[in-house]
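Everything on this sheet refers to the single structure shown next.
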Amino acid sequence: MVKARGCDKCNEITGASTLDLLSQDLAKQVRTAYDRIEDRGMATCLFGAGGTCCRNCNMGPCQIIDGVESMIGVCGATADTVAARNFCRFIAGGTAAHVDHAREMVRGLIATAKGETPHEIKDEDKLHKMARIFDIEIEGRDKNEIALELGEKALAEFGQQDGTLTMVKRAPKKQQEIWDREGVTPRGIDREVVEMMHRTHMGVDQDYRNLLKQGARTALADGWGASMLSTELTDIMFGTPVPKRAIVDLGVLKEDMVNVTVHGHEPLLAEALCLAAEDEEILALAKKAGAKGINLAGVCCTGNEILMRRGVPVAGSFIQQEMVLATGAVEAMVVDVQCLMQSLAQVVKEMHTDIITTNYRAKMPDAIHIQFEEHDAYNSAKRILTRAVNNFKKRGNFYIPKDKKQDVVAGFSHESINYMLGGRFRQSYRPLNDNIINGRIRGIAAMVGCEHYKHPDDVHFKIAVELIKNNVLVLATGCAAQALGRRGLMRPEAATEYAGAGLAEVCETVGMPPVLHVGSCVDNSRLLIALTEMVNEGGLGEDISELPACGTAPLWMSEKAVAIGQYFVSSGAHVIFQNLPVSGSKAVSRHLFEEMMDLYGATWDVEEDPIKLARKMIAAIDEKRKALGIDKKKERILMDMQMRRELEGKALAGAGCEGPGKRD
Ligand code: SF4
Ligand code: MSK
């Protein structure tokens, strides 16, 4: 195997395309995260890792040791208080990122409804569905009029001070009652984040349970508030995803085209670039420069957004962002917000590539800034593409790992899962529930979140294979989804190659992969809706905590992953990470790993080993199956005539009955 630069551990971390690229002379000239890991010696501060380093005031920083009287904070703060405060600040930071993203999407919908963007309302069905949730009149009204009212009502939820967020009404009834009982029903989106930041300020909330309660409320304002609004309103504008074939990995870059990569999170700019990339004027410019056209490719979650809706290829995930540039084949990397490494501009210092920041909230030293104006989106996009085209002529040595690309089928919104499993005339979650009840599908696993350099790249793959081998259907989002796509698990054929007999049978029948790409990190809200639909369909309990489902974000990197994990736990779904920064407090660990069960019907858990992590997920799923009474295969009963007469359902006459839920 080619040795990547850096420590031996780095060689396991990355995928085949990265190893291939790093072995090239061209890539050896750039410094990447792999070099920085070696420089830093992978050193980790134990207080930081355990969550007990506090720097919330200028009497510190204070490093706290649980149970050691001489090692509490100068202000008297204990390990429990500090670990809870730090954990809650992770949630607040992650939620704030989703909130600001969502706000831009709502403003984008409003601008689109007013005719001020190049976009239009693409999904009228979803517009009407959302309008009904917000009590908006739809009869006899123009779609833009409805969208404008919806956008304004959604925007008001950010600044709302009291009451309940509207989207919370979509959760199962019992879930809502649990949140009311525990006092964690989110009131206003911004309010919960601000209150969380206030309560973690020096000298405010010093009861770890009370802090974590507001942590739960803040996270719910993310999942059932900001993120859900963002996903649904983005679908209204740009279309709800349906399954599409596409390709992923570094090999999607093209040597004879102008390669423009879009990196970040908010799809408003990326969608405008998709339109402008087909503009006659831009194409003529590209031809004049000697290129065959514009090759747009995604990175990170912007990549997921345009992959899901348009089938645009994804060049790389979070961990590959520097590698995409190290090819030397990219004319411009256009970035907006979140998960952008500051090193990007340094990687291209000796290259022709432009790093173009586009959002006033996210500037970067040594990058070029072209402000994306949503009211002039098309021209902003054309300005960016013109710059990229002009760079094409300056391209020097480059290396594209051409054979390093993988087919995927992406675009599984919760609506398209309905369609895939239920067929055209029976669009519902009934077939999924039936297959779970009859045991073909053991349960549902959500694999979400990021990638990082601390653990090998194979972590996602190993967990997913163990899950699907054991008939657990995997729904994936974010960079986890891209990692699984790169490893070939998002091809329908992967069901035959890797899945257990029951899951393979279901996947082969409908032609779907055993790992479904559900979207970007804000699209974890699609998972909340899918779980809710399963509850509403019946037969699997009354709330999410009864479903045979479990979540993980093994290689989490961003604060957003902690917010996501907490909104899943508070919604009743068990969540397992490889690590959490709370090990420095026994009480906070106990609260997250045990006591939350009594509050929300689910807990956090940690497990570093990927196979053991997968098995823990399977065990959690099996526990739910047992509680639902669907853990045992029903005895096959051969019926005599008398028994048959007693059966009311004629559909079962003449067949050996294998118990409820058996479809054949
Ligand atoms: Fe230390 Fe307390 Fe200040 Fe934190 S808030 S830095 S524990 S004195
Ligand atoms: S981009 S938050 S690295 S998933 Fe959403 Fe990927 Fe995690 Fe960023």
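The values are calculated or read from the model by the stated rules, or taken from the named source; none is laboratory data. On a predicted model such as this, the values are computed, not experimentally measured, just so you know. Because the Cβ atoms are built from the backbone with ideal geometry, glycine has one as well, and the counts that use them run over all protein chains shown. Accessible surface is based on the protein model in full, side chains and every heavy atom, while ligands, DNA and RNA are left aside. Shrake-Rupley method; radii C 1.70, N 1.55, O 1.52, S 1.80 Å.
One table, with the values for the structure above:
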| read-out | value |
| --- | --- |
| Sequence-separation-based contact order of the chain, relative, with Cα cut under 8 Å and 6+ spacing, percent | 16 |
| Solvent-accessible area, 1.4 Å probe, carbon plus sulfur percent, for the stretch 71-238 | 48 |
| Of K288/K402; K28/K405; K349/K404; K349/K394; K405/K469, those spanning more than 19 Å from alpha-carbon to alpha-carbon | K288/K402; K28/K405; K349/K404; K405/K469 |
| Rounded accessible area per residue of the chain, 1.4 Å, Å² | 38 |
| Residues with amide H under 5 Å from that of N295, placed H, sequence gap 5 or more | V258, N259, V260 |
| Förster radius 30 Å - calculated FRET efficiency between S23 and S428 (Cβ-Cβ, nearest 0.05) | 0.05 |
| Amide H contacts under 5 Å for A289, placed H, 5+ residues apart | none |
| Difference of contour (0.36 nm per residue) and Cα-Cα distance, T386 to E137 | 85.3 nm |
| Fraction of accessible area attributable to carbon and sulfur, the stretch 385-502 (%, probe 1.4 Å) | 48 |
| Whole-Hz ³J(HN,Hα) from phi, Karplus 6.51 cos²θ - 1.76 cosθ + 1.60, for the stretch 484-489, glycine and proline x | 6, x, 4, 8, x, 8 |
| Qualifying GluC sites (Glu not before Pro) in the stretch 323-405, DSSP loop, other Cβ atoms within 10 Å at most 16 | E350, E373 |
| Straight-distance crosslink candidates among lysines, where the alpha carbon sits under 28 Å from K122 and sequence neighbours closer than 8 are dropped | K114, K143, K153, K169, K244, K382 |
| For the stretch 536-550, Karplus couplings with θ = phi - 60° (6.51, -1.76, 1.60), whole Hz, Gly/Pro x | 5, 5, x, x, 10, x, 9, 8, 4, 5, 8, 6, x, 9, 7 |
| log10 of Debye I(q)/I(0), alpha-carbon scatterers only, for the chain at 0.05, 0.07, 0.08 Å⁻¹ | -0.23, -0.46, -0.60 |
| Relative contact order of the stretch 71-238, pairs being alpha-carbon contacts under 8 Å that are 6 or more residues apart, as % | 37 |
| Value of Rg to Rh for the stretch 412-628 (Rh from inverse mean 1/r over Cα pairs, i.e. Kirkwood) | 0.94 |
| Space enclosed by the convex hull of the alpha-carbon atoms of the stretch 344-498, per residue, Å³ | 196 |
| Cleavage-rule hits (trypsin sites (Lys or Arg not before Pro)) in the stretch 359-394: DSSP loop, at most 16 neighbouring Cβ within 10 angstrom | R361, K363, K393, K394 |
| Derived scalar couplings ³J(HN,Hα) [the stretch 48-64; Karplus, 6.51 cos²θ - 1.76 cosθ + 1.60; whole Hz; x for Gly, Pro] | x, 5, x, x, 10, 9, 10, 10, 7, 8, 8, 7, x, x, 10, 9, 10 |
| Backbone N within the stretch 377-413 under 16 Å of label point (7 Å from E278 Cα along the Cβ vector) | 378, 382 |
| Counting DSSP beta bridges with both ends in the chain, the antiparallel % (nearest 5) | 20 |
| Cβ-placed point charges (K, R +1; D, E -1), dipole of the chain about Cα centre in debye, nearest 20 | 1100 |
